[in-house]
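Enquirer: The following block contains the structure, expressed as structure tokens.
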Amino acid sequence: MKELRVRANEIPCHSAMACLGGPDLGVTRIAGPGLGNMLFPWARAVIWANQEGKPMIYPTWPQVKLGPWLRRERDKRAYFEDFVPREGEIVGLKKFREMIFSTWIDEDSNVIRSGLAPGRFLRAFRGLRDFFVPLLGHREIVRHSLMEATRIELRGDADDSGGIGIHVRCGDFIVAKGSEPTVPVGQHTRLSSEWYAHTLHDVLGVWPSPPRIRVFSDGSTEELGELMSIPGVERAPKKAAIGDIIDLSRCRVMIATPNSTFSMWAKFLGGCITVSLPAVSMASAGLTYEITEYGSDRRREALRCTLR
């Protein structure tokens with residue numbers, strides 16, 4: 001079969017499909033990634049569909065994943081009741097027809113195989129693909145579309161903003177050694193609860209009276225340890241992951257988990273002042289945290305310059 005090479009934007013795709021990861025059965029997926037990673041192909045599909053004036057196929061958000069159940073995690077990462085179709089999205093039997101009978105073209109592909117039956121072409125978006133780099137300059141359309149796609153009761157209250165939000169990723173992340181790392185944090189590594197507690201004290205040393213301090217975490221109270229004993233700290237009510245990302249994005253200051261795309265999305269959507277540590281994945285993510293200092297003294301000085 002011969003191949004015909006054309007410019008990617010000249011392939012006449014009729015719709016966009018965000019492939020969120022794992023085998024997609026149309027109504028659920030098997031063993032896909034966490035929400036933060038799923039949002040990257042979804043956002044690129046949203047941008048393309050908006051620019052081209054084409055409909056999106058309603059993504060297969062639900063997934064079956066055994067790991068969180070076996071580890072008894074708070075967040076099972078199933079996403080069965082978190083999202084709704086946006087206006088104009090292709091759903092139901094039409095979705096299956098598009099998935100089955102369309103020719104799938106990868107988002108950057110410039111190849112059409114000659115000999116294919118004439119018909120519909122579907123632009124497929126997969127994987128992390130440079131994280132936030134392709135999304136820069138498109139924050140408003142991504143944010144607006146994500147709010148539309150989120151079930152209304154998970155969107156939170158826009159007036160309930162400000163304060164300090166602390167994202168502590170536990171789950172399958174390995175705890176870093178020591179309470180204050182001195183080298184960039186590696187992938188799938190989380191900081192100790194002592195680091196979050198010490199960092200919160202640094203923020204409070206500069207901003208002594210925040211309106212609210214909330215902890216967003218998939219860990220147990222025991223795992224959060226010292227952090228939860230600080231006066232004024234409360235645990236955010238149990239909510240779906242997308243609701244937590246939205247609430248975190250509305251905080252004025254976020255203490256983030258390094259390398260967590262969950263924290264990154266809160267930063268991207270809301271632009272909150274973010275305190276973290278240098279991390280391996282941030283170098284190519286297209287996103288910058290304001291404060292990534294080692295040590296309490298340097299962190300407080302950076303906070304004074306940022307919060308004044």
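The values are calculated or read from the model by the stated rules, or taken from the named source; none is laboratory data. Predicted model only: the values in this text are computed from it and were never measured. With ideal geometry, Cβ positions are generated from the backbone for all residues, glycine too; neighbour counts draw on all protein chains shown.
Enquirer: Which residues, counting only those in the stretch 122-178, are surrounded by 14 or more Cβ atoms within 10 Å (Cβ to Cβ), touching a strand residue (DSSP E or B) at 6+ places or on another chain (Cβ under 7 Å) and closer than 26 Å to VAL91 by Cα?
Expert: LEU122, ARG123, ALA124, PHE125, ARG126, ALA149, THR150
Enquirer: Related question: So which residues in the stretch 240-260 are among the hydroxyl-bearing types (Ser, Thr, Tyr) and either under 15 Å from GLY34 (Cβ atoms) or not in a helix (DSSP H, G or I) (or both), if there are any at all? Steps first, answer last, please.
Expert: If we filter the stretch 240-260 for residues that are among the hydroxyl-bearing types (Ser, Thr, Tyr), which is where we start, we get 249, 257, 260.
Listed by number, the residues that qualify are THR257, SER260.
Enquirer: A further question on this structure: What pairs can you find where one residue is in the stretch 211-235 and farther than 17 Å from VAL253 by Cβ, the other is part of a strand (DSSP E or B) and of a type in the set (Gly, Ala, Ser), and their Cβ atoms are less than 7 Å apart, with a gap of 6+ or different chains?
Expert: Once the first residue is farther than 17 Å from VAL253 by Cβ and sits in the stretch 211-235, its partners that are part of a strand (DSSP E or B) and of a type in the set (Gly, Ala, Ser) give LEU224/SER217.
Enquirer: For the stretch 261-269, state whether one or more residues are touching a residue at least 24 places away in the same chain (Cβ under 8 Å), outside any helix (DSSP H, G or I) and under 28 Å from PHE83 (Cα atoms).
Expert: no
Enquirer: Something else about it: Would you mention how many residues in the stretch 49-71 are in contact with a helix residue (DSSP H, G or I) (Cβ under 8 Å, 6 or more places away or on another chain) and free of Cβ contacts under 8 Å to residues at least 40 places away in the same chain?
Expert: Number of matching residues: 1.
Enquirer: Same structure again: Counting just the residues of the stretch 61-84 that are part of a loop (DSSP other than H, G, I, E, B) and within 16 Å of the chain's Cα centre (by Cα), which one comes out surrounded by the most Cβ atoms within 10 Å (Cβ to Cβ)?
Expert: Among residues in the stretch 61-84 that are part of a loop (DSSP other than H, G, I, E, B) and within 16 Å of the chain's Cα centre (by Cα), the one surrounded by the most Cβ atoms within 10 Å (Cβ to Cβ) is TYR79.
Enquirer: Evaluate the following for HIS198: is it under 17 Å from GLY243 (Cα atoms) and either crowded, with 16+ Cβ neighbours inside 10 Å or touching a residue at least 60 places away in the same chain (Cβ under 8 Å) (or both)?
Expert: No.
Enquirer: Can you find a residue that is surrounded by 15 or more Cβ atoms within 10 Å (Cβ to Cβ), modelled with pLDDT under 95 and in a strand (DSSP E or B) anywhere in the stretch 25-34?
Expert: no
Enquirer: Right, something else. Taking only the stretch 212-232 into account, find how many residues are part of a helix (DSSP H, G or I) and of a type in the set (D, E, K, R).
Expert: 3
Enquirer: On to the next question. Is it the case that LEU39 is in contact (Cβ under 8 Å) with a residue 12 or more places away in the chain and buried (at least 23 other Cβ atoms within 10 Å of the Cβ)?
Expert: So LEU39 passes the test.
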